[in-house]
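These notes concern the structure reproduced below.
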Amino acid sequence: MTQASTVHVHPPKVEYFDIAAQTNTDPKGFVRPVEVYREEPWGLYMARTSDHPNFHYLESWIVPELALRATVFGYNPGVEQWQDIYVDIGEFTRESPTLWRSIDHYLDVLVRTGRDVRLVDIDELLAANTGGQLSPAACQAAIEHATAAIDGIAAHGYSLENWLAERGMTITWR
């Protein structure tokens, strides 16, 4: 973990999911084609290719009620991975019938299904608050959402899927 004083303070990452255009605009403004969008009453699924040096594919479930985005990466050969599922904590909203927006609130939860769960990027959250990028209320909400996710995942055998299924949110991956 890095020290908070050495963390680069950056604005929250904003991303767009345009169902009508079948695109995903990443936080840097790059527009990526999406292979699959699937809407549920409680969330949105997205699957697309990636040109990232560490992974070639990603699948995400956005669950606004729980303030999370769960992602499974298709890692490239030789890339070490610690987690099975990467969970971003943030604000996820439907901006229109076909457009969703996410605002990352820095905290992430790493899930190793059946084994454990880890909270990371606490230093980024603190630096964002100190630097005026995220209000104390938003920081508190991020901590509450992250700890609720950790509690729920741990209570269900370290399974995000089992926790969500108990809440009536069945997710599947490619």
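Within region 99-121, residues that are more than 25 Å from Val9 (Cα to Cα) sit with their Cβ atoms under 9 Å from residues that are modelled with pLDDT under 95, at 6+ positions apart or across chains, in these pairs: Arg112/Trp82.
What tally of residues in region 128-142 results from selecting those that are of a type in the set (Gly, Ala, Ser) and part of a helix (DSSP H, G or I)?
Of region 128-142, the ones of a type in the set (Gly, Ala, Ser) are 128, 131-132, 135, 137-138, 141-142.
Those left that are additionally part of a helix (DSSP H, G or I): 128, 137-138, 141-142.
Final tally of qualifying residues: 5.
Filtering region 40-56 to residues that are crowded, with 16+ Cβ neighbours inside 10 Å and in contact (Cβ under 8 Å) with a residue 60 or more places away in the chain leaves Trp42, Gly43, Tyr45, Ala47. The number of residues in region 8-26 being touching a Lys or Arg at 6+ places or on another chain (Cβ under 8 Å) and either open to solvent by 80 Å² or more (accessible area, probe 1.4 Å) or assigned to a loop (DSSP other than H, G, I, E, B) (or both) comes to 2. Tell me yes or no: at least one residue of region 27-38 is of a type in the set (D, E, K, R), within 17 Å of Ile171 (Cα to Cα) and in a strand (DSSP E or B). Scanning region 27-38, I find at least one residue that is of a type in the set (D, E, K, R), within 17 Å of Ile171 (Cα to Cα) and in a strand (DSSP E or B), so the answer is yes.
Starting from residues that are part of a loop (DSSP other than H, G, I, E, B), exposed (fewer than 15 other Cβ atoms within 10 Å of the Cβ) and modelled with pLDDT of 95 or more, keep the ones in region 80-109 and report whichever is nearest to the chain's Cα centre (by Cα).
Within region 80-109, the subset part of a loop (DSSP other than H, G, I, E, B) is 80-84, 97-98.
This time we only want the ones that are exposed (fewer than 15 other Cβ atoms within 10 Å of the Cβ), so: 80-82, 97-98.
Then keep just the ones that are modelled with pLDDT of 95 or more; that gives 97-98.
Values: Pro97: 21, Thr98: 20 Å.
Looking at the filtered set, the residue picked out is Thr98.
Of all residues in region 125-174, exactly one satisfies the criterion of being open to solvent by 70 Å² or more (accessible area, probe 1.4 Å), under 21 Å from Val14 (Cβ atoms) and of a type in the set (Gly, Ala, Ser), namely Ala137.
The values are calculated or read from the model by the stated rules, or taken from the named source; none is laboratory data. No experiment lies behind these values; they were computed from the predicted model shown. We place every Cβ from the backbone using ideal geometry, glycine too, and count neighbours over all the protein chains shown. For the accessible areas, the whole protein counts, side chains as well, though only heavy atoms, and no ligand, DNA or RNA atoms are used. Shrake-Rupley method; radii C 1.70, N 1.55, O 1.52, S 1.80 Å.
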